[in-house]
């Protein structure tokens, strides 16, 4: 589980281009953002995402509440996440069907969802001009919905996950 900021001040991704020349890029000087919260089940490619206007304890609470509502009654989910302040806030009420497991400090490369953000930015969210918040939300939804379970499995296949789950 992790979140990514998506907005008008996007970053350019890698593009193949003629040697010695730089590709033309789009530059937007406006500052409007949305945050894509996502969780992936690496073994099956199952996923859940929400686009929210901010990152905060309240936003994290909203994400956990909606995520817990999608779980079957006899299912317990373990969410691996980084140590952002809103992930471990004392005012955060974690639903009983979810356990939060924080990663060691300074180890974002261990979070499987980080590679999903990189893929989405390189394939869908870079080199675009987005007019406002609604367009940002639409772009996030289109990008996330373009992911297939097979793609999510390949992006989130970390060797340490197989050792933990077996």
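The values are calculated or read from the model by the stated rules, or taken from the named source; none is laboratory data. Only a predicted model underlies this, so the values are computations on that prediction, with no experimental measurement involved. Neighbour counts are summed over all protein chains in view; Cβ atoms, including those assigned to glycine, are modelled from backbone coordinates with ideal geometry.
Just to be sure I understand, how many residues within the range 53-73 are under 17 Å from residue 41 (Cα atoms) and out of contact with any strand residue (DSSP E or B) (no Cβ under 7 Å at 6 or more places or on another chain)?
2
Could you tell me whether any residue of the range 124-134 is touching a helix residue (DSSP H, G or I) at 6+ places or on another chain (Cβ under 6 Å) and touching a residue at least 24 places away in the same chain (Cβ under 8 Å)?
Yes: the range 124-134 contains one or more residues that are touching a helix residue (DSSP H, G or I) at 6+ places or on another chain (Cβ under 6 Å) and touching a residue at least 24 places away in the same chain (Cβ under 8 Å).
Which residues, taken from the range 53-82, are surrounded by 14 or more Cβ atoms within 10 Å (Cβ to Cβ) and over 17 Å from residue 95 (Cβ atoms)?
Across the range 53-82, the qualifying residues are 55, 56, 82.
What is the residue count in the range 11-46 for residues that are more than 19 Å from residue 93 (Cα to Cα), in contact with a helix residue (DSSP H, G or I) (Cβ under 6 Å, 6 or more places away or on another chain) and either at pLDDT 95 or above or surrounded by fewer than 19 Cβ atoms within 10 Å (Cβ to Cβ) (or both)?
Result for the range 11-46: 4.
So that you can scan it fast, the table gives a plain yes or no per residue for (1) modelled with pLDDT of 85 or more; (2) surrounded by fewer than 12 Cβ atoms within 10 Å (Cβ to Cβ); (3) touching a strand residue (DSSP E or B) at 6+ places or on another chain (Cβ under 6 Å); (4) under 26 Å from residue 58 (Cα atoms):
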site: 104; (1), (2), (3), (4): yes, yes, no, yes
site: 110; (1), (2), (3), (4): no, no, no, yes
site: 128; (1), (2), (3), (4): no, no, no, no
site: 149; (1), (2), (3), (4): yes, no, no, no
site: 161; (1), (2), (3), (4): no, no, no, no
site: 166; (1), (2), (3), (4): no, yes, no, no
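Among the numbered criteria (1) out of contact with any helix residue (DSSP H, G or I) (no Cβ under 6 Å at 6 or more places or on another chain); (2) more than 12 Å from residue 40 (Cα to Cα); (3) modelled with pLDDT under 90; (4) not in a helix (DSSP H, G or I), which one does residue 99 miss?
The failed condition is (3).
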